Amino acid sequence: MKYSGIDLHSNNSVVTVTDDENRVVAEKRLPNDLARIIAFLLPWREEMAGVVVESTYNWYWLVDGLQEAGFVVKLANTGAIKKYDGLKHSGDEADARHLAHLLRLGILPTGTILPPEHRAVRDLARKRMQLVRSRTSHIIAIENIAARQQGIKISSNQIKKMTADEVNQMLFPSDVALAIKSNLAVVTTLSEQIDLLEKRLQERLGERPEYALLTSVPGIGRILAAIILLETGPIERFHAVGNYASYARCVDSQHTSNGKKKGEGNTKNGNKYLAWAFVEAANFAIRFNAKIKSFYQRKKAKTKGVVAIKAVAHKLCRASYYIMRDRVPFNITKAFGQK
């Protein structure tokens, strides 16, 4: 059997092919040209156990192309791969060989390769989050200018509805008014694009039963439900609720020995978007649901507020797993107990 590792960069890739004895059969740095990479690997396709590609920001084109060409492709979870610290020399070739080596040993940490159509819709939700963050920065800029110039407080909802004429009526100096109008124009444009993306997400997910069921969870509205559903992907890929909670970064990461804590693991290993979504849902839930608020207050009395919020997020995460797996509505008694 042959094993291949590809160290992927922005404009080129180092492609390595090794054999059962971990000997390098072929190795070459190639430009990021799909046809050339496939042509390089093609002589060993029938005996190739797999091609490992790093889960970098730009892997879509390469993984999809290799799969279409008939190769078995593995997406390496780079966050879970630890290199050997004793190496004197390291480089792109060594990285590619290491990926092939892990595949040969059967210990390669892998990520799920979701279908292109699922990734496209998921990336729409991520794009919405990016635009919302950008809009928030411009809203804060307007709030700061108003507070600095006139000592007044303008809410974010007021700013979203504000017009250029209303800015003129506030009697700011002309240069200050121009600065506010510049921010306001960006806020207006971003709001239009955010609405457009939200409409498309609703069209794509509105008919899925899991989508409606997730909105039965306190704190989870249609936007958070869309993010959770899309970032989760097929729920069957998680063998147990604990695996899902770990993926959503809703559990502790620590190393112990003889009953004593010896350090922490990789707390960033997992899906940052799911982690954000469940914490956001927890913050809304404790505001609008009395039972969840009571649970939060009991936790907060024993520990820090941020730990109590994470405890609520963990509960909502576990509940969401069963909702998506079993397609049942939220049951607050099962999630938070009788009290």
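Note on the chain: dipole from Cβ charges, positive end direction compared against ILE154, LEU42, GLY106; the farthest Cα belongs to ILE154.
Accessible-area rank, largest first, for GLU93, GLU198, GLU68: GLU68, GLU93, GLU198, with all protein chains present and a 1.4 angstrom probe. Shown for the chain: the carbon plus sulfur share of the solvent-accessible area, taken with all protein chains present and a 1.4 angstrom probe, equals 50%.
Ordered from largest to smallest accessible area (heavy atoms of protein chains, 1.4 Å probe), the residues LYS153, LYS28 come out as LYS153, LYS28. Ranked by the mean number of other Cβ atoms within 10 Å of their residues, highest first, the peptides 172-180, 299-307 come out as 172-180, 299-307.
Computed from Cα atoms, the angle from the helix 92-105 axis to the main principal axis of the chain rounds to 80 degrees.
What's the FRET efficiency of THR56 with ALA290 using the Cβ-Cβ distance as r and R₀ = 35 Å, to the nearest 0.05?
Once the sixth-power term is evaluated, E becomes 0.15.
A straight chain from GLN67 to GLU236 at 0.36 nm per residue would run longer than the Cα-Cα distance by 58.7 nm. The computed Cα Rg over 2.2 N^0.38 Å for the structure shown corresponds, within [x] 1.24; [y] 0.99; [z] 1.59, to [x].
Ordered by solvent-accessible area of protein heavy atoms (1.4 Å probe), largest first, the residues LEU171, LEU213 come out as LEU171, LEU213.
With a 1.4 Å probe and all protein chains kept in place, how much accessible area does MET170 have, in Å² rounded to the nearest 10? We get 50 Å² for MET170. Of all beta bridges that DSSP places with both ends in the chain, some 65 percent have antiparallel geometry. The convex hull defined by the C-alpha atoms of region 107-228 has an orientation-averaged projected area of 11.2 nm².
Full extension of the chain between ASN243 and ASN22 yields a length gain of 76.3 nm, computed as 0.36 nm times the residue separation minus the alpha carbon distance. Within the shell defined by Cβ-Cβ distances under 11 Å, the residues around VAL63 carry a net charge of -1, with Lys and Arg each +1 and Asp and Glu each -1.
Rounded to the nearest 500, the 222 nm mean residue ellipticity of the chain from helices alone is -18000 deg cm²/dmol, with -39,500 (n - 2.57) taken per DSSP H run of at least 4 residues.
Shown here for region 5-54: GluC sites (Glu not before Pro) in loop regions (DSSP other than H, G, I, E, B) with at most 11 other Cβ atoms within 10 Å, namely GLU21. The simple Förster model, with R0 at 30 Å and r as the Cβ-Cβ distance, assigns LEU30 and GLN202 a FRET efficiency of 0.10. Taking Cα atoms, how many degrees apart are the long axis of helix 290-302 and the longest axis of the chain, rounded to 10 and kept between 0 and 90? For 290-302 against the chain, the angle is about 70 degrees.
For the chain, the solvent-accessible area with a 1.4 angstrom probe is 55 square angstrom per residue.
The values are calculated or read from the model by the stated rules, or taken from the named source; none is laboratory data. No experiment lies behind these values; they were computed from the predicted model shown. Glycine also receives a Cβ, built like all others from the backbone with ideal geometry; neighbour counts cover every protein chain displayed. Accessible surface is based on the protein model in full, side chains and every heavy atom, while ligands, DNA and RNA are left aside. Shrake-Rupley method; radii C 1.70, N 1.55, O 1.52, S 1.80 Å.
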